[in-house]
Amino acid sequence: MEHQLEIQNLNGIQVVDSRIIAKGLNIKHKNLIETINKYKHELEQLGILPFETEVLGIGQPQKFCYLNELQCHFVVTLSRNTEEVVDFKLSLVVAFDSAKKEVALFN
């Protein structure tokens with residue numbers, strides 16, 4: 001397990017940037033966004049799906065979103081289970097578990 005995932009807190013909800021998910025799955029971010037849009041209805045049943053846009057340098061704006069734990073788990077189940085993807089999935093589960101334990105320490 002070599003992935004170091006940053007779990008962020010967005011309005012009290014633990015989330016991961018879709019760009020990190022794409023990198024971990026070894027796919028292009030635009031392809032992940034297409035998948036997210038395809039399954040938007042299902043993902044919104046698992047929580048708010050906040051999209052944002054970021055301009056990187058002089059290039060085109062990049063649309064991304066934050067996925068909560070359940071949304072992440074759903075999206076990664078749609079990926080083929082290569083050795084690298086399985087490793088990333090495990091890292092994702094461990095990262096969310098660690099983030100939950102850290103929050104519990106402060107409550």
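What follows draws every value from the coordinates through simple rules; no lab data is involved. As the structure is a computational prediction, the values presented were derived from the model and not from experiment. A quick note on method: Cβ atoms are made from the backbone with ideal geometry, for glycine too, and the neighbour counts reach across all protein chains shown.
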Placing +1 on the Cβ of each Lys and Arg and -1 on the Cβ of each Asp and Glu in the chain, which of 21, 73, 59 has its Cα farthest towards the positive end of the resulting dipole? 59
Can you give the charge dipole size of region 1-98 about its Cα centre, rounded to the nearest 20 debye, using +1 on the beta carbon of Lys and Arg and -1 on the beta carbon of Asp and Glu? 380
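May I ask you to compute the full-extension gain from residue 44 to residue 26, defined as 0.36 nm times their residue separation minus their alpha-carbon distance, rounded to one decimal in nm?
Separation in residues times 0.36 nm, less the Cα-Cα distance, equals 4.1 nm.
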Quote to one decimal, in nm, the extra length available between residue 93 and residue 60 on full extension: 0.36 nm per residue of separation minus the C-alpha distance between them. 8.7 nm
Pairs of lysine in region 8-106 with Cα under 19 Å and at least 8 positions apart or on different chains: total? 13
Please compute the volume of the convex hull spanned by the alpha-carbon atoms of region 8-106 and report it per residue in Å³. 105
Nitroxide proxy distance, nm - points 7 Å out along Cα→Cβ at residue 85 and residue 13: 2.5
Inter-part distance where region 9-33 and region 87-102 are each reduced to a Cα centre, Å: 14
CD proxy, 222 nm, the chain: helix-only mean residue ellipticity via -39,500 (n - 2.57) per DSSP H run with n ≥ 4, per residue, nearest 500, stands at -16000 deg cm²/dmol
Among trypsin sites (Lys or Arg not before Pro) in region 1-92, those in a DSSP loop whose Cβ has at most 15 other Cβ atoms within 10 Å are 28, 80
Using a Gaussian network model of the chain whose springs link C-alpha atoms within less than 10 Å, name the residue from 87, 97, 17 with the highest mean-square fluctuation. 97
Take the alpha carbon gyration tensor of region 1-62, find the square roots of its eigenvalues, order them as a ≥ b ≥ c, and report rounded if a/c is under 1.5; if not, report prolate when a/b exceeds b/c, else oblate. rounded
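Hydropathy first: keep DSSP H helices in the chain averaging at least 0.0 on Kyte-Doolittle, then drop any whose Cα extent along the axis falls short of 18 Å, and list what survives.
Values: long enough: 83-106 (35 Å, 0.64).
Helices passing the filter in the chain: 83-106.
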With springs only between Cα atoms under 10 Å, which of 78, 92, 67 fluctuates most in a Gaussian network model of the chain? 78
The chain, relative contact order [Cα under 8 Å, separation at least 6], %: 35
